[in-house]
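None of the figures in this text is laboratory data; all of them are computed from the coordinates on show. Only a predicted model underlies this, so the values are computations on that prediction, with no experimental measurement involved. All Cβ positions, even for glycine, are placed from backbone atoms using ideal geometry, and neighbour counts span all protein chains on display.
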């Protein structure tokens, strides 16, 4: 099969790639300066926005024009208005706000030192460590809960349709974060019980998401480091690893798979949701770029291919390994991987 033609790498194309940083910075600056909140109740002039936010008129006008050019605002004469989608996703008072992760520059600061991380092989910060995790993830999960919610519901619908447990499922959500991947299982069956594991400082926020989802009574909590906490033996029907393996890396993940095998009942299922690069790691761009995100933000993280997962799961005692299409999550369409305990 012939490969699709590629766009020529002209000097102009390379400069466009270099300047791809600009939309990211424009979006982050607008969130950090509450620009979208100031436009949530109707269109305003640059002068009105600047006065409300105590920002310079010159800088505010330039930023508003850039947001308009990027398709985030509309401009009617001298007045600016936020698009409905912007009011939905980028105004903090909205229930579907995803801008929390744009409110600080932690990720930008890590990526700005990418060359250093490539040279040394060491991260700028290690978000899997408890102190970093408890500072970073409560912010990140606010955005990810909205972004991953539909995919999580599709996953629960697919797995719950394969035969209901009359007593309800016993679900282990490892490094649960907002519990976005386990809440839909609790919603689908009120007999289902979820054990959410994470660092104590993250579980404080997990509780709030379970309460907001109306499933708090179905949740219990297991505080601790996923590398050390005791999951028990043959307690669970389902173990969820929702975007966790990429931050753990190969050695830790293999150990985790074996520990979860012991924690699952016979016939229990391990579910992995993560970025899946092509077997030769030539793409897709989100999956291979995210590997670099793990380089600058974790000690041993990476993204892994489906064949690598199959090999590690088989070595750990699982079989009947399959994939389930759950649509888009984060910025890539990667299927969930489901493996059954012998």
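Say R0 is 25 Å: what FRET efficiency, to the nearest 0.05, do residue 216 and residue 167 get from their beta-carbon distance?
0.80
Report, to the nearest 10°, how far helix 285-297 tilts away from the longest principal axis of the Cα atoms in the chain, using its own Cα long axis and a range of 0 to 90°.
Tilt relative to the chain: about 90 degrees.
So how do 41-49, 276-284, 61-69 stack up, highest first, on mean other-Cβ count within 10 Å?
Ranked by mean Cβ neighbours within 10 Å, highest first: 61-69, 41-49, 276-284.
What does the extension gain come out to for residue 51 and residue 227, with contour length at 0.36 nm per residue minus their alpha carbon separation? Intermediate results must be reported in sequence, preceding the final value.
Numbers: separation 176, 0.36 × 176 = 63.36 nm, distance 5.05 nm.
Full extension of this stretch gives 58.3 nm more.
Per Stokes-Einstein, at 10 °C and 1.306 mPa s, what whole-number D in µm² s⁻¹ belongs to segment 120-215, with the Kirkwood radius over Cα pairs as the hydrodynamic radius? Provide the component values of the computation, followed by the final result.
Working: Rh = 14.2 Å.
In µm²/s, the coefficient is 111.
Could you tell me what percent of the DSSP beta bridges with both partners in the chain are antiparallel, to the nearest 5? Intermediate values should be presented prior to the final figure.
On the way: 16 of 34 bridges.
Approximately 45 percent, going by the DSSP bridge assignments.
Modelling each spin label as a point 7 Å along the Cα-to-Cβ direction, I'd like the residue 62/residue 19 distance in nm, to one decimal.
1.4
Output the 0 to 90 degree angle, nearest 10, between the alpha-carbon long axis of helix 245-263 and the longest principal axis computed from the alpha carbons of the chain.
Helix 245-263 sits roughly 30 degrees off the main axis of the chain.
Beyond 15 Å, what percent of the Cα pairs of segment 229-289 remain? The partial results should precede the final answer.
Values: 1038 of 1830 pairs.
Beyond 15 Å sits 57 percent of the P(r) for segment 229-289.
Along each of the three principal axes of the Cα atoms of segment 169-220, give the extent in whole Å, ordering the values from largest to smallest.
That works out to 28, 19, 15 Å along the principal axes.
Considering every pair of different Cα atoms, what Kirkwood radius, in Å, is found for segment 9-154? Please report the intermediate quantities before stating the final value.
Numbers: mean 1/r = 0.0578 Å⁻¹.
Taking the inverse mean of 1/r over all distinct Cα pairs, segment 9-154 comes out at 17.3 Å.
Give the whole-number value, in cubic angstrom per residue, of the convex hull volume spanned by the C-alpha atoms of segment 193-242. Write out the running numbers ahead of the final one.
Working: hull volume 4.2 nm³, N = 50.
Roughly 84 Å³ of hull volume per residue.
Set the Förster radius R0 to 41 Å, insert the Cβ-Cβ distance between residue 279 and residue 81 as r into 1/(1 + (r/R0)^6), and round the FRET efficiency to 0.05. The partial results should precede the final answer.
Values: r = 47 Å, r/R0 = 1.14.
Here the calculated transfer efficiency is 0.30.
On the principal axes of its Cα set, how long, how wide and how thick is segment 14-96? Give whole Å, largest value first.
Computed over segment 14-96, the largest-to-smallest principal extents equal 40, 31, 23 Å.
Report, in deg cm²/dmol and to the nearest 500, the calculated mean residue ellipticity at 222 nm for the chain, where each DSSP H run with n ≥ 4 adds -39500 (n - 2.57) and the sum is divided by the residue count. It would help to have the intermediate numbers written out before the result.
Details: 14 runs with 156 residues, N = 342.
Mean residue ellipticity at 222 nm (helix-derived): -14000 deg cm²/dmol.
Specify the angular offset, from 0 to 90 degrees and rounded to the nearest 10, of the alpha carbon long axis of helix 200-212 from the longest principal axis of the alpha carbons in the chain.
Approximately 80 degrees, to the nearest 10.
Report the gain in length on full extension from residue 204 to residue 122: 0.36 nm times residue separation, minus Cα-Cα distance, nm rounded to one decimal.
Values: separation 82, 0.36 × 82 = 29.52 nm, distance 3.02 nm.
Full-extension gain reported as 26.5 nm.
Under 4 °C and 1.567 mPa s, how fast does segment 183-342 diffuse according to Stokes-Einstein, given a Kirkwood radius computed over C-alpha pairs? Answer in µm²/s, whole number. Could you put the intermediate results ahead of the total?
Values: Rh = 16.6 Å.
For the chosen part, D equals 78 µm²/s.
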